[in-house]
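What follows is one structure encoded as structure tokens, with my remarks underneath.
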Amino acid sequence: MDGDPDADIVLLTLPANSVYLSVLRTATAGLAARLHFTLDEIEDLRIAVDEACAMLLAGEELPDSELHCRFTLTPDEIAVTVTLPGVRRSLPPQNTFAWQVLTALTGEVDAEVSNDQLTIGLVKRRSRTS
């Protein structure tokens, strides 16, 4: 994934405000389409990225904060990490419906807190039949 020398990296920084998530959803769909993901896979990834950001923002508007998104693209997968720096939160619980949705939509989900930032990572692989 990140260690692949042929991977393309796309970085996107947005205000940490839910009104800007449509920009992130559009970028997600465009990048997945570029890799020839199916329409269903693209929609699953869009929903997953939106849900991960909702977990990070947790219903709060954080003035002067930024949401960082990193897409790592290889021919058969997209790895997405969304990070909210400057927060002191615990990891999102993995026994929630939201976490189960993320796992079902992408296949791989993880989260970490370090250096006062919360990060959620997703990996979506393209189906072999597409």
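The values are calculated or read from the model by the stated rules, or taken from the named source; none is laboratory data. Predicted, not measured: the structure shown is a model, and the values here were computed from it. No Cβ is skipped: glycine too gets one built from the backbone with ideal geometry, and neighbour counts run over all protein chains shown.
Limited to the range 85-130, what total is found for residues that are part of a loop (DSSP other than H, G, I, E, B) and either polar (S, T, N, Q) or closer than 17 Å to Ala16 by Cβ (or both)? Residues meeting the conditions: 14.
Of the residues in the range 29-84, how many are closer than 19 Å to Val10 by Cβ and in a loop (DSSP other than H, G, I, E, B)? Qualifying residue count for the region: 5. For the range 70-100, the candidate set comprises residues that are in contact with a Cys (Cβ under 8 Å, 6 or more places away or on another chain) and not polar (S, T, N, Q); within that set, the residue that is farthest from Gly30 (Cα to Cα) is Val82. If I filter the range 12-45 down to residues being among the aliphatic types (A, V, I, L, M) and in contact (Cβ under 8 Å) with a residue 60 or more places away in the chain, which single residue comes out as surrounded by the most Cβ atoms within 10 Å (Cβ to Cβ)? The qualifying residue surrounded by the most Cβ atoms within 10 Å (Cβ to Cβ) is Ala32.
Yes/no matrix, rows are residues, columns are (1) charged (D, E, K, R); (2) surrounded by 14 or more Cβ atoms within 10 Å (Cβ to Cβ); (3) within 24 Å of Ala7 (Cα to Cα); (4) in contact (Cβ under 8 Å) with a residue 12 or more places away in the chain:
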{"residue": "Thr74", "(1), (2), (3), (4)": "no, yes, yes, yes"}
{"residue": "Asn95", "(1), (2), (3), (4)": "no, no, no, no"}
{"residue": "Leu102", "(1), (2), (3), (4)": "no, yes, yes, yes"}
{"residue": "Thr106", "(1), (2), (3), (4)": "no, yes, yes, yes"}
{"residue": "Val113", "(1), (2), (3), (4)": "no, yes, no, yes"}
{"residue": "Gln117", "(1), (2), (3), (4)": "no, yes, no, yes"}
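Picking from residues in the range 82-93 that are buried (at least 18 other Cβ atoms within 10 Å of the Cβ) and of a type in the set (Val, Ile, Thr), the one that is modelled with the lowest pLDDT is Thr83.
Matching residues to (1) over 18 Å from His36 (Cβ atoms); (2) modelled with pLDDT under 90:
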| position | (1), (2) |
| --- | --- |
| Asp64 | yes, yes |
| Val80 | no, no |
| Ala104 | yes, no |
| Gly107 | no, yes |
| Gly121 | yes, no |
